[in-house]
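Asker: What follows is a single structure, and I will ask about it in a moment.
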């Protein structure tokens, strides 16, 4: 019994006679001082008392230990019987996740003998080693399947050493290994009921006609009324098929409510309404396109309505002709196979120009930034914002952390020698130090906060304006004071040029500034060969009137021999996948701006006969950059979105961390294969 030690009150009670001996000895010393004879007599009594106490302690210790052990055994037997007869399935697993013990309910449920000692994974495939290792002092809950039933498995590690150390009576010197307790609760019916409740929840949706004015206004009155009637009938018929309620809230807007159980059917059919309305022809030359925004799982109807509103804004921001489902934090896209249609009206540009003017006027200074590794479009747009601020005597500064070799000739024009402030271009640290409550932060050429040159700047202020021509995705800058996102535009510089045109009658644009904005349009349109419209050429013409010179711009955009050879090597080593996809890798070792070279090479690959889309991968700054391009048949933005990126129908890209070039290459191929199988890509 050397392992058994007494603790707490039991130890005190057993050792109390010996504590009394100490008290008696102290008292005896006092007696010796008063009466030596009485002290001697007391000493004899103390010796006799001590001897009897020791003898009794030694003789009764064995009996006491036997009683304690018998009590523990009886107590353990009662506990074991209670667990054994417990109606909830319960089992204990050792450190290797093998069964040590299970009660009758667990044995009956699994059909295993109670002496079964194999791994729990042999019964429940979901309980892998990785899952079991996550069980700790707190309950870890997961779902497991057995037959046609679903169980909630609760796992908890049991530390027996800790329990014995805190025991008030005894402790063990040698520890006992930990075990994992597994408890099962049948939740099959509960999940079925929850599923029914979820299916019956009402889901709000907004349906907008994208090109109402362009399509309807050009028709005669009779045909216009007929077209609207046919359109109303198509929308009502589609949603009534799913037991939905449709209410027209404006001439080109509908509000719809339907049960959640029908959403899956709509998703499986890729929202057939999007294609159905395109076939409506009542004298209209243009196809009618719709945007649908749906919100769900917001824990309230108000929140779901907000999600639906956000979804329809995303759909419109991505060019329309698609459905967007916002499921709390998750966003899904359907449709969007057509290219963005250029808007002929300039009312929106005029309104945004005046709104920007008011925003700048109401703030003390402006900080403008584009995406990281800024290109000519981002820098040109930033210069345009500085022109607008200068027109109102406001100081504007461009946040630029790194200057690529291709951008340096443009940046070097804005020096003190040319009459520009020395602090016109600053880094993130300087921008943060200059930020006040009266500072306007303007983001150009991106609408993703993590893609900007200084994401922290956006976290520190609510005074944000966004100008961009990329389609919106799930990640976007929240709550800007002014947002101008037009996916139809060829570039942000085109949007800025239009804005400056309507900004003020007395605005002054220097030739150097006009060259820079013109260069941005030139780069993003690949020398006016990609995504150009009437308004693109009108913006270019406006810049030419402001002093932009094509020859000067061409000289600014020239590249060195090393860059030219690197681009040629990318094209030379390109691999053709599935006969129509060109995939290549840019070696960034000797290049100052490998991402720019990759984008240029992706454009070059499209000049090869039979290539419908190109992808160039670059390992740079601990990320894998992917530049993708297409001409007219493949929507590369949908491909990049599945890799966490975005862009346009024919120009897109992404940045991937914690991966290698071969891994990303395989991921691109897997996404292409999957989209072909799903019918998203037709080759």
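Asker: Separation between the residue 504 and residue 683 pseudo-spin-labels, each 7 Å from Cα along Cα→Cβ, expressed in nm?
Answerer: Between residue 504 and residue 683, the label points sit 5.4 nm apart.
Asker: With a point put 7 Å past each Cα toward its Cβ, work out how far residue 18 is from residue 676 in nm, to one decimal.
Answerer: 8.6 nm
Asker: Still on this structure: When averaged across all projection directions, what area in nm² does the alpha-carbon convex hull of segment 485-611 cover? Don't skip to the answer; put the middle values down first.
Answerer: Values: hull surface 37.8 nm².
Over every viewing direction, the Cα hull of segment 485-611 projects on average to 9.4 nm².
Asker: Given labels modelled 7 Å from the Cα in the Cβ direction, how far is it in nm from residue 434 to residue 98?
Answerer: Distance between the two pseudo-spin positions: 6.9 nm.
Asker: Using 0.36 nm per residue of separation minus the Cα-Cα distance, give me the extension gain between residue 541 and residue 121 in nm, one decimal. Let's see the in-between values first.
Answerer: Values: separation 420, 0.36 × 420 = 151.20 nm, distance 7.03 nm.
Separation in residues times 0.36 nm, less the Cα-Cα distance, equals 144.2 nm.
Asker: Compactness ratio of segment 265-323: Cα Rg over 2.2 N^0.38 Å, N = residue count? All intermediate terms of the calculation are to be shown ahead of the outcome.
Answerer: On the way: Rg = 13.6 Å, N = 59, 2.2 N^0.38 = 10.4 Å.
Working it through for segment 265-323, the quotient is 1.31.
Asker: Could I ask something else about it? Quick check: residue separation of residue 152 and residue 608 times 0.36 nm, minus the Cα distance between them. What number comes out in nm?
Answerer: Values: separation 456, 0.36 × 456 = 164.16 nm, distance 5.67 nm.
Extra length available between residue 152 and residue 608 comes to 158.5 nm.
Asker: Quote the FRET efficiency, to the nearest 0.05, computed for residue 329 versus residue 268 with a Förster distance R0 of 30 Å and r equal to the Cβ-Cβ distance.
Answerer: On the way: r = 23 Å, r/R0 = 0.75.
Result of the calculation: an efficiency of 0.85.
Asker: For segment 379-493, take N as its residue count and report Rg(C-alpha) divided by 2.2 N^0.38 Å.
Answerer: Numbers: Rg = 14.1 Å, N = 115, 2.2 N^0.38 = 13.4 Å.
So the Cα radius of gyration is 1.06 times the expected 2.2 N^0.38 Å.
Asker: Given the alpha-carbon gyration tensor of segment 525-683, what are the semi-axes of its equivalent ellipsoid in whole angstrom, ordered largest first, with each equal to the square root of 5 times an eigenvalue? If you can, show how the numbers build up before the last one.
Answerer: Working: eigenvalues 153, 82, 39 Å².
For segment 525-683, the semi-axes come out at 28, 20, 14 Å.
Asker: How large are Rg and Dmax for segment 294-420 when calculated on the C-alpha trace, in angstrom?
Answerer: 19.8, 60
Asker: While we're here: Compute the distance from the alpha-carbon center of segment 641-664 to that of segment 237-254, in whole Å.
Answerer: The distance from the Cα centre of segment 641-664 to that of segment 237-254 comes to 37 Å.
Asker: Right, something else. Antiparallel as a % of all DSSP beta bridges within the chain, to the nearest 5?
Answerer: Details: 69 of 101 bridges.
Beta bridges within the chain, antiparallel portion: roughly 70 percent.
Asker: Measuring from centroid to centroid over Cα atoms, what is the spacing of segment 272-323 and segment 204-225 in Å?
Answerer: Distance between centres, Cα-based: 14 Å.
Asker: Given only helices, namely DSSP H runs of n ≥ 4 each adding -39500 (n - 2.57), what is the per-residue ellipticity at 222 nm of the chain, to the nearest 500 deg cm²/dmol?
Answerer: Roughly -13500 deg cm²/dmol at 222 nm, from the helical runs in the chain.
Asker: Sticking with this structure for a sec: Take every Cα-Cα distance within segment 201-335, group them into 5 Å bins from 0 onward, and report for each bin the whole-number percent of pairs it holds.
Answerer: Bin by bin from 0 Å, the calculated values are 2, 11, 21, 25, 19, 11, 6, 3, 1, 0.
Asker: If only Cα atoms are counted, what is the Rg of segment 496-551, and what is its Dmax, in Å?
Answerer: When restricted to Cα atoms, segment 496-551 yields Rg and Dmax of 10.8, 33 Å.
Asker: Provide the convex hull volume over Cα atoms per residue for segment 347-556, in Å³. List each step's numbers first, then the result.
Answerer: Numbers: hull volume 23.4 nm³, N = 210.
Hull volume normalised by residue count: 111 Å³.
Asker: Here is a further query. Can you check what the Kirkwood hydrodynamic radius comes to for segment 571-650, Cα pairs only, in Å to one decimal?
Answerer: 12.6 Å
Taken together, the values in this text are just the output of simple stated rules run on the coordinates, not laboratory data. Fair warning: this is a prediction, and the values are worked out from it, not measured in the lab. A quick note on method: Cβ atoms are made from the backbone with ideal geometry, for glycine too, and the neighbour counts reach across all protein chains shown.
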